[in-house]
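*Asks:* Structure below; questions to follow.
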Amino acid sequence: MKQVTQVGVDVDSEWLVCAMHRGGERLPLATFANTAAGHRKFIRWATKGGRVARVCLEATGIYSLEFALALHHAKKVEVMVVNPRAIKDFTRACMQRAKTDAVDAGGMLEFLERMPFVAWQPPAPEILELQAINRRIVQLTTELTREKNRRHASQFAGAAAIAHDIEVNIHHLERRIERMHDSGLKLVRGVPALATKLAHLVSTKGIAETSAMRLLAELLVLPDDLAAPQWVAHAGLDPRPYESGTSVHRPRRISKVGNRHLRAALYMPALVAIQHEPNVKAFYNKLVTAGKKPMQAVVAVMRKLLHAIWGMLKHDQDFDGEKFLKIAKENA
């Protein structure tokens with residue numbers, strides 16, 4: 001019987017830092033690129049000699065999903081994707097104070113060896129397809145914006161042939177975006193559970209069908225046991241302090257370490273909700289009155305809106321403005 005190899009992997013946007021236990025000994029750390037080619041190299045390394053490999057990694061969303069899918073489909077590989085909170089609590093219980101990629105990889109290896117193994121189940125195929133469709137829409141929309149900017153510039157160049165070609169491409173891109181949108185909407189409406197979630201999101205003034213599909217595509221690939229603050233961290237909307245010594249105390253800024261697609265999907269709904277949803281508008285005005293800059297207040301709305309979406313999907317409810325912010329009644 002082949003021996004099982006245990007591997008803990010710390011995943012970030014560029015690298016996979018791996019701690020391995022094989023044949024009764026701990027091997028030196030190995031590092032692989034977090035790319036499709038790097039994933040293939042990791043699988044060959046982990047299953048060397050025909051061994052079965054058990055791999056543990058954190059649920060880091062956009063950085064870990066493609067890697068976890070590659071492991072799930074690989075022969076002789078079993079993967080466990082763990083809630084970051086569980087890893088944090090485990091390493092704290094082990095009196096681990098350092099925080100480096102190498103230490104994190106070792107902590108996940110120890111978690112894998114000590115805790116019950118629970119095989120990861122990937123998101124449903126329709127969720128992955130919805131994500132692919134919406135990310136394609138974003139790509140096409142970006143190109144459409146570029147072409148519109150070129151059209152504006154061509155008006156000063158006086159080249160009629162170029163202006164005509166740009167106009168043709170603009171109409172072509174608009175039709176492709178519309179077809180992709182219709183495909184995504186058809187997919188959502190064909191799955192009752194997705195259709196219900198879409199209806200909950202669009203109950204919010206500020207979230208239309210396009211934004212709702214983008215949000216669902218990015219959120220439904222996350223593990224079910226993540227809490228709302230973990231969604232916020234996944235989106236890179238968590239505030240980070242910047243301090244150095246006793247004299248440098250810069251204002252907090254969002255980390256931006258996370259899913260840029262999710263942050264982008266939240267931005268316009270937040271702006272529209274500030275204009276048309278009374279409770280959201282009151283929350284925004286409260287922050288501005290307290291001295292926050294307008295953009296800081298918008299980011300705070302995005303963060304709180306993400307909390308609201310978590311509650312809506314978790315409890316199968318429509319948007320409730322009073323839960324977002326209670327507005328004092330006149331003459332109460």
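*Asks:* Measure nothing fancy, just the Cα-based angle from helix 294-315's long axis to the longest principal axis of the chain, in degrees from 0 to 90, nearest 10.
*Replies:* Taking the Cα atoms of the chain, the angle to 294-315 is about 70 degrees.
*Asks:* Here's something else I'd like to know. Rounded, prolate or oblate, given the Cα gyration tensor of region 88-190, with a/c below 1.5 counting as rounded?
*Replies:* oblate
*Asks:* Using a 1.4 angstrom probe on heavy atoms only, work out the carbon and sulfur share of the accessible area of region 38-119 in %.
*Replies:* C and S fraction of accessible area: 53 percent.
*Asks:* Just to confirm, what accessible area per residue do you get for the chain at 1.4 Å probe, in whole Å²?
*Replies:* 56
*Asks:* OK, next. Along the charge dipole of the chain, Cβ charges K/R +1 and D/E -1, which of 90, 199, 119 sits furthest on the positive end?
*Replies:* 90
*Asks:* Please report, in cubic angstrom per residue, the volume enclosed by the convex hull of the alpha-carbon atoms of the chain.
*Replies:* Roughly 222 Å³ of hull volume per residue.
*Asks:* Please go through the residue pairs 286/323; 148/186; 286/314; 186/281 and name each one whose alpha carbons sit more than 25 Å apart in this structure.
*Replies:* The pairs that break the limit, which is 25 Å between Cα atoms, are 148/186; 286/314; 186/281.
*Asks:* Between 15, 45, 231, find the one with the highest GNM mean-square fluctuation for the chain; connect C-alpha pairs within less than 10 Å.
*Replies:* Largest GNM mean-square fluctuation: 45.
*Asks:* Give the shape of region 6-138 as rounded, prolate or oblate, defined through the alpha-carbon gyration tensor: a ≥ b ≥ c are the square roots of its eigenvalues, a/c under 1.5 means rounded, and otherwise the shape is prolate if a/b is larger than b/c and oblate if not.
*Replies:* prolate
*Asks:* Could you check the simple spin-label distance between residue 307 and residue 85, using points 7 Å along Cα→Cβ, in nm with one decimal?
*Replies:* Label-label distance for residue 307 and residue 85, simple model: 1.4 nm.
*Asks:* If each DSSP helix of 4+ residues adds -39,500 (n - 2.57) and the sum is divided by the residues in the chain, what number results at 222 nm, nearest 500 deg cm²/dmol?
*Replies:* -19000 deg cm²/dmol
*Asks:* Between residue 224 and residue 160, what FRET efficiency follows from the Cβ-Cβ distance if R0 is 41 Å, with the result rounded to 0.05?
*Replies:* The calculated FRET efficiency here is 0.15.
The values are calculated or read from the model by the stated rules, or taken from the named source; none is laboratory data. Quick caveat: nothing in here was measured; it's all calculated off a predicted structure. Cβ sites come from the backbone with ideal geometry, for glycine too, and all protein chains shown count toward neighbours. Protein only, heavy atoms only, side chains kept; ligands, DNA and RNA dropped before computing areas. Shrake-Rupley method; radii C 1.70, N 1.55, O 1.52, S 1.80 Å.
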